[in-house]
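A quick write-up on the structure given underneath.
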Amino acid sequence: MKAAPFEYFVADSIDEVTTGLADSGEEATIIAGGQTLVPLMAMRLARPALLIDVNGIGDLQGIDLLAGGVRIKACTRQSDALKSTIIGERLPLLAKALPYVGHAQTRNRGTVGGSIALGDPAAEIPLVATALDARITLVKKGNSRELSIHGFYQGPMMTSREPDECITEILFPQWQGEGRRGTGFQEVSLRHGDFAIVAAAAQISVGEDGVCARASVALGGVSGTPFRISAAEDALRGTMIDDPALRAVANAVDQAVDPQSDLHASASYRRRVAKVLVERVIREAAREAANHAAGDAP
Amino acid sequence: MSEKRRVSLAVNGTAYEETIETRLTLADFLRHQLGLTGTHLGCEHGVCGACTVLVDGYSVRSCLMLAVQAGGSDITTVEGIAPSKDELHPLQEAFRDNHGLQCGFCTPGMLTTLVEFLRDNPSPTERDVREAISGNLCRCTGYQGIVDAALDAAQRLKGQDRTAGPDGGESP
């Protein structure tokens, strides 16, 4: 037997989850896909007294196109998100990132909300959520609140979620207005499916004249949390996304990152890779925007 | 004393109803409780892929799932992918013919992973196959034989579809 003993409760509704959390506080842990929690329990790094299983709750599953954006319910499997035509058409940046999330076998269990809740600094879903200004709905007994992804992550694996709160859905807002859109996602890892050493994401919008109207650039794996590089975004806006603009972006990335060395890569390697990947994702996004018809999704 | 539950599930077409501890993983349940030791355990924390089984047709790492969570599910292990006791699955034949295994430890996970992959991707490229088995670690073959076997199996499965399909005319 690998895990320490625990009480096991299969919740049938969000109400049952929040009641269970309210009654048990930090002794309770939600299990969704379990792709991180089960090994932590097997190694006894996690010893929850109560496991609340949310896999059977219909209200926690599904992907919907709303007026304000795409809503992904928290317990939606990563593999279902990858197959979703709504995400393919409306959230191409997420669609590009999902194949990098673990492997087919873990995506079949792992959930979108679980990845958001865990907050691994190298994880792809939190990175895309950061790039797209996602909003997270947290529910607790008798109360609910919506938080911006910005500020949700306080450090590696640390979030603003209270122990008695359950993440129920994540809203990825759609960019409004005219313009040609393009996205780019790239990462460097030891092998496909491994944790990213550095991951970069970009989404841009350019006018009919080819001038960049809006840009979002984010990095993962180089800091305790995924983060936006606003100086790089400023350096792109109003330009033709040409070589001088990309040099300014590279400078902005250089200033913004403060990576750590670890077993897998040195700080200076991460810094260099971050600059290269940001340039690549912006070029990828610009190429895509140039080929897109105006007003197309995303 | 750890909590126990009664679960019913089907494994390789056989229905089981068992009383198990809630902390038992699906992998240990299959091996210890049911004696289905074809599912191998390498790392037991979700890295090596050897314990992959199909849960309702989807590949899952059985060391990362609690057995109680599989209640009501239909599970296929490596013991259940061949059509009968006397025949191999075309994927298994392709592994044998292409030297897709040496020690055989990773093979159950490779096969179950590729059963799902080839069902969803009947005409994969070599790159697709390498990505599909990226979560399965092999320490003997250098993967070359496994990739060849998967590509060969894709051809064999397509041939099978043609003879067995409605257009083939010759269904058994």
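If you sort the three axes of the alpha carbon gyration tensor as a ≥ b ≥ c, you get a/c under 1.5 for the range A:77-141, which makes it rounded. Summed over the residues of the range A:7-53 and divided among them, the accessible surface reaches 46 Å² per residue at a probe radius of 1.4 Å.
In order along the range A:99-111, the phi-based Karplus estimate (6.51 cos²θ - 1.76 cosθ + 1.60, θ = phi - 60°) of 3J(HN,Hα) comes to x, 7, 7, x, 10, 3, 5, 7, 5, 5, 10, x, 10 Hz; Gly and Pro are listed as x. Buried surface between chains A and B: roughly 2500 Å² of accessible area, summed over both sides, computed with a 1.4 Å probe on protein heavy atoms only.
With K and R counted +1 and D and E -1, the other residues having a Cβ less than 9 Å from that of A:Lys73 yield a net charge of -2. A 1.4 Å probe run over the protein chains yields, for the range A:181-291, 45 Å² of accessible area per residue, whole-number rounding. Surface composition of chain A: carbon and sulfur atoms hold 49% of the protein heavy-atom accessible area at a 1.4 Å probe. The H on the amide N of A:Val70, modeled in the peptide plane, is under 5 Å from the matching H of A:Phe172, A:Gln174, each at least 5 residues off or on a different chain. Using the Cα gyration tensor of the protein assembly as shown, with a ≥ b ≥ c the square roots of its eigenvalues, what is the shape: rounded (a/c below 1.5), prolate (a/b larger than b/c) or oblate (neither)? It is oblate, given that a/c is not under 1.5 and a/b is not larger than b/c. Per atom type, chain B shows carbon and sulfur on 46% of its accessible surface, probed at 1.4 Å. Under the membrane-span-like helix rule (DSSP H runs whose alpha carbons stretch at least 27 Å along the helix axis, mean Kyte-Doolittle hydropathy -1.0 or higher), chain A yields A:267-291.
Spatially close Lys pairs in the protein assembly as shown, defined by Cα atoms under 30 Å apart and a spacing of eight or more places or different chains, total 12. The local environment of B:Arg31, defined by Cβ-Cβ distances under 15 Å, has a net charge of -3 under the rule Lys, Arg +1 and Asp, Glu -1. Calculated [222 nm] ellipticity per residue, helices only, for chain B: -9000 deg cm²/dmol; basis is -39500 (n - 2.57) per DSSP H run with n ≥ 4, divided by all residues, nearest 500. Phi angles of the range A:179-184 translate, via the Karplus equation with coefficients 6.51, -1.76, 1.60 and θ = phi - 60°, into HN-Hα couplings of x, 8, 9, x, 9, x Hz per residue; Gly and Pro are given as x.
With Rh defined as the Kirkwood radius, the inverse of the mean 1/r over Cα pairs, the Rg/Rh of chain B is 1.00. Specify the angular offset, from 0 to 90 degrees and rounded to the nearest 10, of the alpha carbon long axis of helix B:107-120 from the longest principal axis of the alpha carbons in chain B. The angle comes out near 60 degrees. Rounded to the nearest 10 degrees, the inclination of helix B:144-164 to the longest alpha-carbon principal axis of chain B is 80 degrees.
Given R0 = 51 Å, the distance between the Cβ atoms of A:Ala267 and B:Asp97 translates into a calculated FRET efficiency of 0.55. Determine the sum of side-chain charges near B:Tyr58: Lys and Arg each +1, Asp and Glu each -1, restricted to other residues whose C-beta is under 12 angstrom from that of B:Tyr58. Net charge in that neighbourhood comes out at +1.
The values are calculated or read from the model by the stated rules, or taken from the named source; none is laboratory data. None of these values were measured; they are calculated from a predicted model. Glycine also receives a Cβ, built like all others from the backbone with ideal geometry; neighbour counts cover every protein chain displayed. Heads up: the accessible areas ignore ligands, DNA and RNA and are worked out on the full protein's heavy atoms, side chains in. Shrake-Rupley method; radii C 1.70, N 1.55, O 1.52, S 1.80 Å.
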